[in-house]
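Beneath this line is the structure, given in structure tokens, with notes to follow.
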Amino acid sequence: MKKLISDYLEFLDNGKTERRCAANVIKQAEKAGYKNLESLSSVKAGDRVYYCKMNKAVILFDIGTDDISLGMNILGAHIDSPRLDVKQNPVYEQEGVVYLNTHYYGGIKKYQWLAMPLAINGFVFLKDGKSIDVNVGDAPDDPVFCISDILPHIAQTQMAKTASEFVEGEKLDVIIGCGNAEASNDEKDPNKKAVLAILKEKYGFDEADFASAELEVVPAGKARLAGFDKNLILAYGQDDRVCSFASMEAMLDVRAGNRTTCCLLVDKEEIGSEGATGMSSQLFANTVAELLARMDVKGPFDLVLRRTLSNSTMLSSDVNSAYDPLNSDLYDKQNSSFLSRGVTFNKYTGSRGKSSASDANPEFIARIRAKLDQAGVKYQYAELAKVDVGGGGTIAKYSAFYGMQVIDCGVPVQSMHAPWELTSAFDVEQAYLAYKAFLTL
């Protein structure tokens, strides 16, 4: 399993944005014999195909011998993570300091992003159709960027605020340059012009091109093993790329038998699964329809599509909150997930009175228990926290919309949604084994 963890660290380093993650998945899938669904006119049992939407969501299918209307076994995860997005008119200068204006994406504690090295990662799309790859901050000789903080000597007013008010969203602006005293005092924004000149010379885009850019500000640095025993993993974006990686690896390593298998890696979960690449859209149903159109299906097309979705079973492969001994008052210890005790099943997510939850049927859970016990997989059951403390959602409820059996199953994470998150290597391994077993359910 050492190779699995080594591959996982590389997956994280090469996939700090959803576009890079999707590209990495497609690269691995093509090595395993998957072909682009859009390039095929027909699909049959034994074929392995993939579909990519807007370069930010990927769906893999391994076609089984059974009638597909009997359903599929699906592993579903998301490849987006909390971050800072660069605005469309972002560059400005104040008193010689050049900033990049940002808008945070997903649920973050804003103060955690202050005074730490940051990288800029993404693409700029030009009017002539060309794209420019931007990835600055992770290579050893790259510059890094940061958001400044107030020194404690004069921070009395700031420190009297609540954590949510500690820093305003509009002040999460990234320092990208600072000139020197040689610039003319008569020139307007000389340092901004100098930075823009560097962007033009090195990357080939102008200030106006930010309007058609997709640039994300993420923590700079590589994923690392943590602890003297090296049993932990410290990295950005493990929610939910840890489950995406384990799902992908399981899908590539297990060949479909009678039942068609699927790995569904979507975008936009951190902002409610909205948008064309999110699970609340018609993305999955449309893709399955494209698959069916290339197969020899019998019966009314719409009915076959509905039956295929309704008869499917799915693991919503998403992370769970790991029990934190130093903040134990937030958890129901008896119903918590713990680091290094295996993959976690969460029967219902949502918040408080199960709002926005998908509540898995016990018959389905019993089938999974039997399969995982047979495979020797270590697993645990948990909720996110105490009932009235709060909660969160996953893509499970959007899958349940089709009538399929679904339950959340993923890796416990400490410091979830922080710039650096913590997982257990053992739990990553067990998630991979659990997903492999589920594909043959």
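The values are calculated or read from the model by the stated rules, or taken from the named source; none is laboratory data. From a predicted model like this one, the values you see are computed outputs, not experimental measurements. Backbone-built Cβ (ideal geometry, glycine too); neighbour counts: all protein chains shown.
Points worth noting:
- The residues listed here are 418, 434; of these, the one that is more than 17 Å from the chain's Cα centre (by Cα) and of a type outside the set (Lys, Arg) is 434.
- Residue count for the range 97-155, restricted to those that are of a type in the set (Gly, Ala, Ser) and farther than 17 Å from residue 217 by Cα: 3
- Note on the range 143-167: among residues that are of a type in the set (Gly, Ala, Ser) and part of a loop (DSSP other than H, G, I, E, B), the one that is surrounded by the fewest Cβ atoms within 10 Å (Cβ to Cβ) is 160.
- Among the residues of the range 408-418, those that are surrounded by fewer than 23 Cβ atoms within 10 Å (Cβ to Cβ), touching a residue at least 24 places away in the same chain (Cβ under 8 Å) and touching a strand residue (DSSP E or B) at 6+ places or on another chain (Cβ under 8 Å) comprise 414, 416.
- If you check 324, 296, 267 for being touching a residue at least 60 places away in the same chain (Cβ under 8 Å) and surrounded by 23 or more Cβ atoms within 10 Å (Cβ to Cβ), only one passes: 267.
- In the range 384-407, residue surrounded by the fewest Cβ atoms within 10 Å (Cβ to Cβ) [restricted to those that are part of a loop (DSSP other than H, G, I, E, B) and in contact (Cβ under 8 Å) with a residue 60 or more places away in the chain]: 403
To keep it simple, each residue is scored yes or no on (1) within 22 Å of residue 230 (Cβ to Cβ); (2) within 13 Å of the chain's Cα centre (by Cα); (3) assigned by TED's automatic domain parsing to the domain that holds residue 293.
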{"site": "9", "(1), (2), (3)": "yes, no, yes"}
{"site": "17", "(1), (2), (3)": "no, yes, yes"}
{"site": "20", "(1), (2), (3)": "no, yes, yes"}
{"site": "28", "(1), (2), (3)": "no, no, yes"}
{"site": "33", "(1), (2), (3)": "no, no, yes"}
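Conditions (1) assigned to a loop (DSSP other than H, G, I, E, B); (2) among the small types (Gly, Ala, Ser); (3) in contact with a His (Cβ under 7 Å, 6 or more places away or on another chain), marked per residue:
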residue: 60; (1), (2), (3): no, no, no
residue: 73; (1), (2), (3): no, no, no
residue: 81; (1), (2), (3): yes, yes, no
residue: 108; (1), (2), (3): yes, no, yes
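- Pairs with Cβ under 6 Å, 6+ apart, first in the range 1-13 and modelled with pLDDT of 95 or more, second among the aromatic types (Phe, Trp, Tyr): 8/245; 11/245
- Filtered residues of the range 339-360 (kept if surrounded by fewer than 17 Cβ atoms within 10 Å (Cβ to Cβ) and modelled with pLDDT of 95 or more): 340
- The set of residues from the range 365-383 being surrounded by 17 or more Cβ atoms within 10 Å (Cβ to Cβ) and either aromatic (Phe, Trp, Tyr) or within 29 Å of residue 271 (Cβ to Cβ) (or both) comprises 379, 380, 382, 383.
- Just one residue in the set 316, 310 is surrounded by fewer than 14 Cβ atoms within 10 Å (Cβ to Cβ), under 26 Å from residue 272 (Cβ atoms) and either outside the structural domain of residue 240 (by TED's automatic domain parsing) or modelled with pLDDT of 95 or more (or both); that residue is 310.
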